[in-house]
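The values are calculated or read from the model by the stated rules, or taken from the named source; none is laboratory data. The shown structure was predicted, so the numbers you read here are calculated from the model rather than taken from an experiment. Note: ideal-geometry Cβ built from the backbone for every residue, glycine included; neighbour counts use all protein chains shown.
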C-alpha cells in the first residue's frame, strides 16, 4: 500500500479520442514520464561518496519508492516510502516539496 499517491483520472470520452489518435499506450508512457519527472524532483542523495550515509542524510529511498499503476480509467502515481507525505506536503517545521503533484501537472500539460 502506498504511503502517498496522486491519481490522474481520464474520462472515457477523452480516453477514446486519445486511443483513436494512436495513443493506446497512454498510461505506460504517461506513468513512466511522471515517475521520471517526480524522481528528479524528489530529495535524494547528494554527491556523498560515503558507503553508509549518516543519520538524516538522504539515501535515495524516497526516489526509489516512486512508481505507478494503471486502472481502467485512471493512472495512480505513488511513493511508498513511509515519510513521502511529509516531504510532499510539508510539516509545520519543514516546507512542502510537492514532487508528485508538480511532476503530474507538468506531464499532463504535455499531452
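Inside segment 68-86, can you point out the residues that are in contact with a helix residue (DSSP H, G or I) (Cβ under 7 Å, 6 or more places away or on another chain) and more than 13 Å from residue 99 (Cβ to Cβ)?
Filtering segment 68-86 for residues in contact with a helix residue (DSSP H, G or I) (Cβ under 7 Å, 6 or more places away or on another chain) gives 68, 70, 73, 75, 77, 79, 81, 84.
Within segment 68-86, 68, 70, 73, 75 meet the criteria.
Give the residue, chosen from 12, 40, that is modelled with pLDDT of 70 or more and exposed (fewer than 14 other Cβ atoms within 10 Å of the Cβ).
On inspection, the qualifying residue turns out to be 40.
Give the number of residues within segment 66-101 that are on the phi < 0 side of the Ramachandran plot and over 9 Å from the mean Cα position of the chain (by Cα). Working first, answer last.
Initial filter on segment 66-101 (on the phi < 0 side of the Ramachandran plot): 66-89, 91-101.
Filter once more, so that each one left must be over 9 Å from the mean Cα position of the chain (by Cα): 69-75, 80-89, 91-98.
Looking only at that region, the number is 25.
So which of 29, 69 ends up being at pLDDT 80 or above and part of a helix (DSSP H, G or I)?
On inspection, the qualifying residue turns out to be 29.
Criterion first (modelled with pLDDT under 70 and part of a helix (DSSP H, G or I)) does residue 19 satisfy it?
Numbers: modelled with pLDDT under 70: yes; part of a helix (DSSP H, G or I): yes.
Here the answer is yes, as residue 19 does meet what is asked.
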